Amino acid sequence: MRVLLAVMLVGVVGCGGDNSPGNVAAPSSPVKAENAAAGESKSKAAGIDDLSDAELAGLLQEPTDEPTTVPPAQAAAEQKAVEGRGPLTFKGHSKSVNSVSFSPDGKQIVSASGDKTLKVWDAQTGKETLTLEGHSDVVGSVSFSSDGKRIVSGSKDGTLKVWDAQTGLETRSLNGYDSAAFCVNFSPDGNLIVSGGEGNTVQVWDAETGKETLTLKGHSFFVTSVCFSSDGKRIVSGNFDKTVKVWDLKTGEEMLTLKGHSNPVTSVSFSPDGKRIVSGSFDKTVKVWDAQTGKEILTLKGHTRPVMNVSFSSDGQRIVSGGEDNTVRIWDAQTGKGTLTLKGHSKSVTSVSFSPDGKRIVSGSGDNTLKVWDISSLDTSK
């Protein structure tokens, strides 16, 4: 179990208490949040290796509900259709691929790996075009800026790095962590960077100067995932404490705490219109929430192992998830129905993302590969 959790923490891209579905805790002020964070036990501020087996066991609870799956006949037909064309497999990393992202124009893909490198690939051919070297430890998260000119990465070495997407040159290094930086993302306008990690806080940075502009305190454990809303006014974060939090970027105030997952939250993302939030968890479920009220709207069941990463399609109609069951799953974002299961990876799927046009999905895996799946001719609305 300790190995499983450690792998999750360095592989998450780019959320205790009452776990009843839809329960929303009252927002806390920055002062209260800071005091709460300061009062956490030493074990919760420490690294995973400092936790006892009992503490680790307490974080993971076996879900009792049976997963709902795609009907066998439908699943077989869909899988045959996908295998008929076959995904495009990208090989080049020597260790786990922890994070993947399409460029805004869909022509490139960037990946981050346990081999301490980032790679840029031609999305159509699978050809490796750049290798970005500079991190001294596992790279856990990566993202393109909205104009596609920059790449930001977060690493277990405690740094965030900004790279020129055309040349692969490192343009800035942000050194704000004493421990691992698990997740990172650009703001929609590219002026800010949000990050989270082992320090329990969400940090916001000026992308041009590299200076930290805001620290959001309120989580009680590792921050595993962060994302801006499309208007750039809010941030959503997922945490090992089983919660999802929504923050006001202007004031730094905690707006909502979403409780419902029974195990650590591994991934979060806003819908393109900012009205919903999707989250994935070690409890094997994907949940959809109302981003204004914090109410749980849907629980998506189908994965048989922890869900590692989730993302909306650009039109907000579909959700893609990747799991430790080695599968990529597509869901109807309105009904929660599973519409397609993609099989091909031989180890955990750590990261997933739709292409900007919604016709392809890229997945990264612990099997050291990326795969691009063409779903354009498949009807995933059934």
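The values are calculated or read from the model by the stated rules, or taken from the named source; none is laboratory data. Quick caveat: nothing in here was measured; it's all calculated off a predicted structure. Methodologically, a virtual Cβ is constructed for each residue, glycine included, from the backbone with ideal geometry; neighbour enumeration extends over all protein chains shown.
The table below gives the values:
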| read-out | value |
| --- | --- |
| Verdict on Phe221 being of a type in the set (A, V, I, L, M, F, W, C), under 23 Å from Val139 (Cβ atoms) and in contact with a strand residue (DSSP E or B) (Cβ under 9 Å, 6 or more places away or on another chain) | yes |
| Tally of residues being part of a strand (DSSP E or B) and over 17 Å from Arg305 (Cβ atoms) across segment 256-283 | 10 |
| Output for segment 225-255, where each listed residue is touching a strand residue (DSSP E or B) at 6+ places or on another chain (Cβ under 7 Å) and of a type in the set (Val, Ile, Thr) | Val226, Ile235, Val236, Thr243, Val244, Val246 |
| Number of positions in segment 160-176 that are part of a loop (DSSP other than H, G, I, E, B), modelled with pLDDT of 95 or more and within 22 Å of the chain's Cα centre (by Cα) | 1 |
| Residues of segment 129-149 that turn out to be more than 16 Å from the chain's Cα centre (by Cα) and part of a strand (DSSP E or B), as a count | 5 |
| Pick from segment 177-195, criterion in a loop (DSSP other than H, G, I, E, B) and over 21 Å from Thr251 (Cβ atoms), ranking: modelled with the highest pLDDT | Gly190 |
| Qualifying residues in segment 124-159 (those that are among the small types (Gly, Ala, Ser) and surrounded by fewer than 21 Cβ atoms within 10 Å (Cβ to Cβ)) - the one nearest to Ala181 (Cα to Cα) | Gly158 |
| Segment 160-210, residues that are of a type in the set (S, T, N, Q) and surrounded by 19 or more Cβ atoms within 10 Å (Cβ to Cβ) | Asn185, Ser187, Ser195, Asn200, Thr201, Gln203 |
| Total residues in segment 242-268, condition farther than 19 Å from Thr215 by Cβ and out of contact with any His (no Cβ under 6 Å at 6 or more places or on another chain) | 10 |
| Residue among Lys116, Lys95 that is under 22 Å from the mean Cα position of the chain (by Cα), of a type in the set (Lys, Arg), at pLDDT 95 or above and surrounded by 18 or more Cβ atoms within 10 Å (Cβ to Cβ) | Lys116 |
| Any chance Glu198 is of a type in the set (Asp, Glu) and under 20 Å from Ser351 (Cβ atoms) | yes |
